[in-house]
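The values are calculated or read from the model by the stated rules, or taken from the named source; none is laboratory data. The model shown is predicted, which means the values in this text are computed figures rather than measured ones. Note that each Cβ is placed from the backbone with ideal geometry, even for glycine, and that neighbours are counted across all protein chains shown. Protein only, heavy atoms only, side chains kept; ligands, DNA and RNA dropped before computing areas. Shrake-Rupley method; radii C 1.70, N 1.55, O 1.52, S 1.80 Å.
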Amino acid sequence: MQMTAEEREVNKVAAKSGANREIFLPPERERVKDGGKPHVSAKNFSIFYGNFEAVKKVNADILSKYVTAIIGPSGCGKSTFLRAINRMNDLIPSCYTTGTLMFDGEDVYGRYTDEVQLRKKIGMVFQKPNPFPKSIFDNIAYGPRLHGVKDKKMLEEVVEKSLRKAALWDEVKDRLDRNALGLSGGQQQRLCVARTLAVEPEILLLDEPTSALDPKATAKIEDLIEELRGSYTILIVTHNMQQASRVSDYTMFYYEGDLVEYAPTKQLFTNPRDQVTEDYITGRFS
Amino acid sequence: MDLGTRKILDRSFTAVGVTSILLMAMALLVVIVPIFSNGIGAIFFKGTIEHRKLQYNEFRKGNPDVLQQQITETDSYRNNAFSIVEAFEAEMEGMEPGEKKKEYASQYTSVRKILAHLLGPLPGDMEPILLRYQYGATRWEKAEEALHELMFVTKWDYSDPTKMATQYFVPRADEFAGTALADLFPYMENNLEKMLLPEQTFYWGFITERSLDAHIFGGIWAEIQGTFFLAVGAMLFAFPLGVIAAIYFTEYAKDNFFTSILRSANSTLAGVPSIVFGLFGLAFFINTMKVSESKSVLAGSLTLAIMILPTIIRAAEEAILAVPKTYKEASLGLGSTKWRTIVTVILPAALPGIITGGIISLGRAAGETAPIIFTAAVSVGATIGLADVFNSPTPALSWNIYNLASEHEAANEIRHVQYGMVLALISIVLLLNLSAILLRARISQKLKG
């Protein structure tokens, strides 16, 4: 693939920050301003559960402000990789990593890295909507309150801003004091997105965010991802290849712990370089 | 297995299940109904003028004018009886000494005793020191029993050696036939009601008043308060410790040898007999730690706390483990620290379960007897103040139920107090459990939205 001048420029910046892969801008999608810098870089990054190597020596850069999808069959390590970025795997006692994972030039697994500060910058939305059993307002305000915002007025602003960004404001503005568990599944998931946005993260990790939702709610979440593209670096794990091709600029394909192919989405789906990728996206196995 | 057999099996299992539950319910009824019907008698009963005198003299309760009027009214009937007694005494004076007179004298002594039991001290008696002899029968059913005793001498028939002796009654009037005292018996039978003026009484003071003369009169407030102090005291120690331990077990403890020992220690503690905790409390808190000179509410509370600690830990652990893991992930994902997550997300969600465990333990602490025998309980004691909990023992319902039923000198006379205490204890425990259910329902409702 021939590099454009712009791509060469981006790659110069990328090389300086330690990128190890040539970066191609997504074809046929609107380019994002100030985007395309390596935001998360994995170098020989492996994740183990005990003796089992769930993710094997991955080398990849996640580009800022673009949407990157991670696809692959069940158990291929895609969720594990995603959860490694904000150190959610710390909850599993037998889990450890080798290699390095850099985020904004900081070693995620460095000895002096504060995972609490890190998670503030790397927001995550989970497979099943998981609002707290509190009011809608308190759900959104949970993060800002954690980080020291006490002023009622500021909290109200943050709540409104976040709900608007998550395209939920109009549906819930009259019942902010109602329990969040009373919302529908799709609304709950958007609430979770809003709750994450309220902390003002730089990256959004979405772990199969629509697998528990009906098609209508799924469409809304996809629209939301489209809205947020360009403002946040978004990583989305999905089982649904159509979804990956619809919402993402880049796609990573994992197979048995290996990052088999990582390319602009269009290229990966129309012209995969690897036979396994082709077999997977054409549905020969799943 | 074919469909028919399967259906028969299902049905027979249902039948067995329902039967066992019904059996349990019936067993419960057999226990609860007498407790309730007898226990309520401590509060609702036919109280005599003696009861009202006692209430006025000891607690300044009741209307003195009405009381005075009633005393005058009853005295006129009582004086008639007393004059019969006086006449008989005069007659005895004039009798020839001999067997006849001796027998009259011994019979007359029991008559006087029963009369005093009914009406209080008779004219010419010394003012008794014990309160129980200063008043007559305060409860009408007790008065009726005493009247029967007055009217009849109980005798035993040993004529048939192959059978057990049978009881029969001989009218006392026959024994005194021909003397002045013979008139007393019909007079008492006809006029006892006028001498005692029984009225339906609602004696709320049974709950709120102190006991008089070792529970012969008065209420059980000291016991209720003691039970309350002990149970709440135990809770103050055990609840925070238990919840902290449960948080440690569920959130912080790593799976290693040390924690597995801790876990099994906790399970073992839950199965230790309560009397062992009682001895431990005496040996450790009083003799070794010297938290108090001797028995005290503090020592009792600490012992009860140790006893209920495993239950609280277990309940809190279960409640915390039942909180969906996703809450924790969500909170941590937002950049919350582990401790913040526990305090702001996990504990509130686990609260219904934790509180239920706590209140059930509170009920258990209120009802346990063995741990407080050596550490806190006394049979008869004054109501203590809050400041005395560090060094005074206290009466408590559980211990005093046992004590009054088995060791009290007049155990038979105060059955109503025993039942009343049992009813009070059961009500307290039931109320605690009910409040646990309501609280749980309310919090769960709030969590569900």
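Tell me the mean residue ellipticity at 222 nm calculated for chain B from its helices only (DSSP H runs of n ≥ 4, each -39500 (n - 2.57), averaged over every residue, nearest 500).
Values: 19 runs with 291 residues, N = 449.
The helix contribution divided over chain B gives -21500 deg cm²/dmol.
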- Item | Whole-number accessible area per residue in Å² for region A:5-281, which is evaluated in the context of all protein chains at 1.4 Å | 43
- Task: Provide the FRET efficiency to the nearest 0.05 for the residue B:16-residue A:256 pair, computing r from the beta carbons and using R0 = 56 Å.
- Result: 0.60
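Is the protein assembly as shown rounded, prolate or oblate when judged by the Cα gyration tensor, a ≥ b ≥ c being the square roots of its eigenvalues, rounded requiring a/c under 1.5 and prolate requiring a/b larger than b/c?
Details: a/c = 3.60, a/b = 3.44, b/c = 1.04.
Taking the square roots of the gyration eigenvalues as a ≥ b ≥ c, the protein assembly as shown is prolate.
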- Message: With just the Cα atoms defining each centre, how far is region A:257-286 from region B:298-328? Give it in Å.
- Response: 52
- Tally Lys and Arg at +1 and Asp and Glu at -1 over the other residues with C-beta under 12 Å from the C-beta of residue A:74: what net charge comes out? -1
- Note on the structure: Placing each pseudo-label 7 Å from Cα in the direction of the beta carbon, residue B:441 and residue A:30 end up separated by a distance in nanometres of 5.5
- Along the charge dipole of the protein assembly as shown, Cβ charges K/R +1 and D/E -1, which of B:233, B:150, A:230 sits furthest on the positive end? A:230
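Counting alpha carbon pairs within less than 8 Å and at least 6 residues apart, what relative contact order, in whole percent, applies to region B:275-346? Walk me through the numbers on the way to the answer.
Working: 37 pairs, mean separation 15.4, N = 72.
Computed value for region B:275-346: 21 percent relative contact order.
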- Item | Set of lysines with alpha-carbon distance to residue B:102 below 24 Å, sequence-local pairs under 8 removed | B:113, B:155
- Message: If you count only protein heavy atoms and use a 1.4 Å probe, how large is the accessible surface of residue A:279, to the nearest 10 Å²?
- Response: 40
- Rough spin-label spacing in nm, given labels placed 7 Å along Cα→Cβ, for residue B:29 and residue A:285: 6.8
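Can you check what the net charge comes to around residue A:118, using other residues whose Cβ is under 11 Å from the Cβ of residue A:118 (Lys, Arg +1; Asp, Glu -1)?
Details: positive: A:87, A:119, A:120, A:121; negative: A:90, A:104, A:106, A:107, A:114, A:115, A:202.
Cβ neighbours under 11 Å give a net charge of -3.
Using a Förster radius of 56 Å, what is the FRET efficiency between residue B:213 and residue A:200 based on their Cβ-Cβ separation? Nearest 0.05, please.
On the way: r = 76 Å, r/R0 = 1.35.
Approximately 0.15, to the nearest 0.05.
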- Mean Cα-pair separation over length for chain A, i.e. relative contact order, pairs under 8 Å, 6 or more apart, %: 24
- Task: Enter the Cα centre distance for the pair region A:186-255 and region B:128-160, rounded to the nearest angstrom.
- Result: 89
- Message: For a Förster distance of 60 Å, can you work out the FRET efficiency between the beta-carbons of residue B:155 and residue B:283, rounded to the nearest 0.05?
- Response: 0.65
- Query: Roughly what angle does helix B:257-270 make with the longest principal axis of chain B, taking Cα atoms, 0 to 90 degrees, to the nearest 10?
  - Reply: 20
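Loop only by DSSP, 14 or fewer other Cβ within 10 Å of the Cβ. Give me the chymotrypsin sites (Phe, Trp or Tyr not before Pro) in region B:122-191 that pass, ordered by residue number.
Filter output for region B:122-191: B:158.
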- Sites matching trypsin sites (Lys or Arg not before Pro) across region A:45-135 that sit in DSSP coil, with at most 16 neighbouring C-beta atoms within 10 Å: A:111
- Message: Within 11 Å, Cβ to Cβ, of residue B:361, how many net charges do the neighbouring residues add up to if Lys/Arg are +1 and Asp/Glu are -1?
- Response: +1
- Mind ordering B:400-406, A:240-246, B:8-14 by average Cβ neighbours within 10 Å, highest first? B:400-406, A:240-246, B:8-14
- Query: Roughly how many percent of the accessible protein surface of region B:371-417 is carbon and sulfur, given a 1.4 Å probe and a whole-percent answer?
  - Reply: 58
- Task: Mind grabbing the accessible area of residue B:364 for me, 1.4 Å probe, Å², rounded to tens?
- Result: 90
- Message: For a quick check of understanding: with a 1.4 angstrom probe and all protein chains in place, what accessible area in square angstrom does residue A:258 have, to the nearest ten?
- Response: 70
- Message: With angles folded into 0 to 90 degrees, how steeply does helix B:415-448 sit against the dominant principal axis of chain B? Use alpha carbons for both and round to 10.
- Response: 20
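When the solvent-accessible surface of protein heavy atoms is calculated with a 1.4 angstrom probe, in what order do A:156, A:222, A:53 fall, highest first? Don't skip to the end; give the middle numbers.
On the way: A:156 85, A:222 20, A:53 50 Å².
Reading off the accessible areas and sorting them downward yields A:156, A:53, A:222.
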- Roughly what would the spin-label model give for residue A:112 and residue B:79, points 7 Å off Cα along C-beta, in nm? 10.6
- Item | Residue-averaged 222 nm ellipticity for chain A, from DSSP H runs of 4+ at -39500 (n - 2.57), nearest 500 | -10500 deg cm²/dmol
- Over chain B, relative contact order from alpha-carbon pairs under 8 Å, at least 6 apart, %: 18
- Query: In Å² (nearest 100), what accessible area is buried between A and B, both sides summed, heavy protein atoms only, 1.4 Å probe?
  - Reply: 1900
- Give the angle, between 0 and 90 degrees and rounded to the nearest 10, that separates the Cα long axis of helix A:152-165 from the longest principal axis of the Cα atoms of chain A. 50
- Note on the structure: The alpha-carbon center of region B:175-252 and that of region A:85-123 are separated, in whole Å, by 66
- Task: Report the semi-axes of the equivalent ellipsoid for region B:221-448 in whole Å, largest first, where each axis is √(5λ) for an eigenvalue λ of the Cα gyration tensor.
- Result: 37, 20, 14
- Query: In a GNM of chain A with a 10 Å cut-off on Cα contacts, which of A:219, A:42, A:60 has the highest mean-square fluctuation?
  - Reply: A:219
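Just reorder A:37, B:142, A:150 by solvent-accessible area, largest first, 1.4 Å probe, all chains present.
In descending accessible area the options line up as A:150, A:37, B:142.
Could you sort B:141, B:209 by accessible area so the largest value comes first, with the probe set to 1.4 Å?
Working: B:141 70, B:209 10 Å².
If we order B:141, B:209 from most to least accessible, we get B:141, B:209.
Can you give the longest stretch of chain A with no exposed loop site, where a site means chymotrypsin sites (Phe, Trp or Tyr not before Pro) in a DSSP loop (not H, G, I, E or B) with at most 14 other C-beta atoms within 10 Å?
With chymotrypsin sites (Phe, Trp or Tyr not before Pro) excluded where exposed in loops, chain A gives A:113-284 as its longest stretch.
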